[in-house]
Each structure stands twice: as structure tokens, then as C-alpha cells.
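Structure first, then comments.
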């Protein structure tokens, strides 16, 4: 698991507890907050802000990602607007900017390094040439490929 998506459209049936959240942060997991529902509906806006504030009190803005989950193009906001929404959710100015930029990249790289040997060795499958590819090769190259 690299990213924990938090449902913000309804009241959460649990409270965040500091020890499990701190363990997740130490392991490099990210927490995704979605701002799209806050734009659509007033009650969802209330739940979104409430759940975001609860999470920010526990994780202190570390490893948080703000995303849109937009259903329509008009629900997408610019990165500076999203960083300002982070202020509304309880993030500091620097954490709001990081939630839009550097935290996203860190979570992505964490997932990639988990797939590789600590980010050092990566294996890529090489596709085998098919019969159609052999016809497109010049005669001098065909001999090299067959041998």
C-alpha cells in the first residue's frame, strides 16, 4: 500500500489515532484528501472540512496529497487554488504547496522503489520480435537477429 484514500463525503465512523498514522508516515505512505465533493455540495463540504481537520490534527500535514476526483472539467482547480484549499483543511502554507507537488512525487517514487530492489535494480521485459517485424527489417539485419 502506498496511498490511503480517505472517504470525505460522509462522517467517518472512526477517529484517527496518532500511533498508526505515525507508523504509516514513517513507512512512507501518503494520505489522499479529495476536494471535489466539497465543490459539489454543501453537506459534503462540511464533511470534507471536518474529516480533513481531524486528519491534520493527527498527521500534522505530513505525507498529505490533495486531489480533485473531478466528475466534470469545471471541478478541477489550479495548483495554487488547491494549495489555498489546503489552508482551509488545516495545512500550513508550505504543507499546502507540498501536498500539491512534492508529496505526490514522493508517493509515486515510494511505489516504484517498492517494486524494484530498493530503487537500485529494475527489470523490464523486452518484447519478442514477431513475424511482421522480421519483414520490415533489411536483409543484412535479418541474419544478425536469427543468429
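Laboratory data are not the source of any read-out in this text; all were calculated from the coordinates shown. Source: prediction; values computed, not measured. FYI the Cβ positions are ideal-geometry reconstructions off the backbone, even for glycines, and counts take in every protein chain you see.
What is the extension gain from residue 29 to residue 15, computed as 0.36 nm multiplied by their sequence separation minus the C-alpha to C-alpha distance, in nm to one decimal?
3.2 nm
If neighbour count is taken as other Cβ atoms inside 10 Å, put 17, 62 in order from fewest to most.
Arranged by neighbour count, lowest to highest, 17, 62 become 17, 62.
If you count the DSSP beta bridges with both ends in the stretch 1-121, what percent of them are antiparallel, to the nearest 5?
Taking every DSSP beta bridge with both residues in the stretch 1-121, the antiparallel ones total about 10 percent.
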